[in-house]
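Student: Just dropping this structure here.
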Amino acid sequence: MKLPSPFTMDYVRHFYLSNLLHLTFYSGFYLIYLRSLGLTDGQIGLLLGLSLILVALLEVPTGIVADKISKKASVLLSKALLIPGTLLFYLAHSFPDVILATIFNSLSLAFLTGAETGWLYELLSRDGREKDYPRVYGRLRAFEMAGSFIGTVVGGFMADSLGMRLAVLVSLPFTVLSMLVLATVPADTARSGVSYGRHLLESLRLIRNSPEVLWLFVYANVIGLPLTAFTSFMQLYFYGVMASVLVVSWISAGYTLISGLSWYVDFGGNIRATLYRYSPAMIPALTLLAGLNGYLGFLTLVLGSLVFAQAFKEWQGRFQRAIPDEKRATIGSFYSLFTAILNGTLNVLIGRLYGRVGIMEGLIMVSLFFLGVGFLILLRGAKKDSQSLILLK
């Protein structure tokens, strides 16, 4: 039987294939590569901070461009910007060279955020398949994680046998392939017809005047931040339990696989919606277990990833439905900016907390705080349900 060409597949599979092909072979030794170029720890820290600041500053402007011109064009431009970014990183020999590469790579990420998911949702909605979006979104992330895992493992072997610089260069053709696959996907058609400034103001008003959108901004972070408090310091956490760099590296690789499987598996609408509803309490309860016992951290890693992936897929469907097509990339960029600020702030605060009281004790304190927040949200949901029943009667 003749197998179909990748370029004749359903466009959803094109998205999957593109994410799988996006192999960054140097991601597993990025910091080590920077050191090999002669960068100091201070310069590396500055570079990482600059990258985050650039993405934050560019999020909303690039989101508006995607809504006004084309989400497909924005995603393809994102892929195209990685080509000079990767070449500059390969050719870099100094701190200014790496900064220039970082600017291109930050621009690339900013053009992708909000545009890719908005483009995919619009296509599914146009075909009457918007109910498939949570499952499709989860598998999109799963293929992305699979590509990340392959890139990290193969890149490590490549760097060890052929050198780190060559591993950087080999990433380039896969970026081009990823871009070519997406180029065959149908374009989005919704456009914002107003000026840049008016589009920005209308998007801000929609967020401010829509209780649903505001609540979705908050809800996503309520379910995401407690798990971040665990996973951001996961390597140090497990090193304290196992005291082995090799074992911790295996756990990190295993976490990538667990996350990928969690995004790929879909429990269906009813179970996914139930996990979404109770996740504000379930996730901090799981991180609390990790704080109470080091070996329970493995349970937290597996179940926490699974619950979060199902809940966030449900959240994505609700979020996309709440936003007009012509503002989807812009509001998605506002959400990314909001989440980046909260995550950055949390990491700074819990880093100081863990430094003072230890990771296990600090994780208990953080988990109890978010567990309290989670119960308040569950009470709010129960109150709304009771009010709805009264109205029905």
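Student: Find the relative contact order for the chain and round it to a whole percent, using C-alpha pairs within less than 8 Å whose residues are 6+ positions apart.
Tutor: Relative contact order, the chain: 25 percent.
Student: Let's see if you can work this out: charge +1 on each Lys and Arg Cβ, -1 on each Asp and Glu Cβ, no other charges. What is the dipole magnitude of region 164-263 about its Cα centre, in debye to the nearest 20?
Tutor: 220 debye
Student: Where does the chain land on the Kirkwood hydrodynamic radius, alpha-carbon pairs, in angstrom?
Tutor: On the way: mean 1/r = 0.0447 Å⁻¹.
After inverting the mean inverse Cα-Cα distance, the result is 22.4 Å.
Student: Right, here's the next one. Residue by residue through region 30-40, what is 3J(HN,Hα) from phi via Karplus (6.51 cos²θ - 1.76 cosθ + 1.60, θ = phi - 60°)? Round to whole Hz and write x for glycine and proline.
Tutor: After applying 6.51 cos²θ - 1.76 cosθ + 1.60, I find 3, 5, 5, 4, 4, 5, 5, 7, x, 6, 7 Hz.
Student: Which value, in debye to the nearest 20, gives the size of the charge dipole of region 197-392 about its Cα centre, when Lys and Arg are +1 and Asp and Glu are -1 at the Cβ? Kindly include the intermediate steps, with their values, before the conclusion.
Tutor: On the way: 15 positive and 8 negative charges, 89 e Å.
Here region 197-392 has a charge dipole of around 420 debye.
Student: When the Karplus curve 6.51 cos²θ - 1.76 cosθ + 1.60 is applied with θ = phi - 60°, which whole-Hz ³J(HN,Hα) does each residue of region 298-311 get, with x for Gly and Pro?
Tutor: 5, 5, 4, 4, 6, 5, x, 5, 5, 5, 4, 4, 5, 5
Student: Let me ask another. Would you check the chain for Lys pairs whose C-alpha atoms are within less than 27 Å, ignoring same-chain pairs closer than 8 in sequence, and give me the count?
Tutor: Here the count comes out as 21.
Student: I've got another one for you. Find the eigenvalues of the gyration tensor of the Cα atoms of region 107-243, then list the square roots of 5 times those eigenvalues as equivalent ellipsoid semi-axes, largest first, in whole angstrom. It would help to have the intermediate numbers written out before the result.
Tutor: On the way: eigenvalues 233, 123, 50 Å².
Its equivalent ellipsoid spans semi-axes of 34, 25, 16 Å.
Student: Related question: As a test of reading the structure, rank Phe238, Phe111 by solvent-accessible area (1.4 Å probe, protein chains only), most first.
Tutor: Ranked from most to least accessible, the order is Phe111, Phe238.
Student: State the extension gain, in nm to one decimal, for the chain segment bounded by Arg126 and Leu299, taking 0.36 nm per residue of separation less the distance between their alpha-carbons.
Tutor: On the way: separation 173, 0.36 × 173 = 62.28 nm, distance 4.04 nm.
My answer for the length gained is 58.2 nm.
Student: For the chain, give the magnitude of the charge dipole about the Cα centre (Cβ charges: +1 Lys/Arg, -1 Asp/Glu; no others), in debye to the nearest 20.
Tutor: Roughly 820 debye for the chain.
Student: When the Karplus curve 6.51 cos²θ - 1.76 cosθ + 1.60 is applied with θ = phi - 60°, which whole-Hz ³J(HN,Hα) does each residue of region 196-207 get, with x for Gly and Pro?
Tutor: 3, x, 5, 4, 4, 5, 5, 5, 5, 5, 4, 5
Student: Related question: Considering only Thr113, Asn293, Val153, whose Cα is most displaced toward the positive end of the charge dipole of the chain, charges sitting on Cβ of Lys, Arg (+1) and Asp, Glu (-1)?
Tutor: Thr113
Student: Could you point to the residue in Ala273, Leu346, Ser203 farthest towards the positive end of region 197-392's charge dipole, with +1 and -1 charges on the Cβ of Lys/Arg and Asp/Glu respectively?
Tutor: Ser203
Student: Here's another thing I want to ask about it. With a 1.4 Å probe and every protein chain kept in, tell me what percent of the accessible surface of the chain is carbon plus sulfur. Write down the numbers at each step before the final one.
Tutor: Details: 12860 of 18580 Å².
Percent of accessible area from carbon and sulfur atoms in the chain: 69.
Student: Can you give me the accessible area per residue for the chain, using a 1.4 Å probe, in Å²?
Tutor: Here the per-residue accessible area is 47 Å².
The values are calculated or read from the model by the stated rules, or taken from the named source; none is laboratory data. Just so we're clear, the structure is a prediction, and the values are computed from it rather than from any experiment. Using ideal geometry, Cβ is built from the backbone for each residue, glycine included, and neighbour counts are taken over all protein chains shown. The area values use the complete protein model at the heavy-atom level, side chains included, leaving out ligands, DNA and RNA. Shrake-Rupley method; radii C 1.70, N 1.55, O 1.52, S 1.80 Å.
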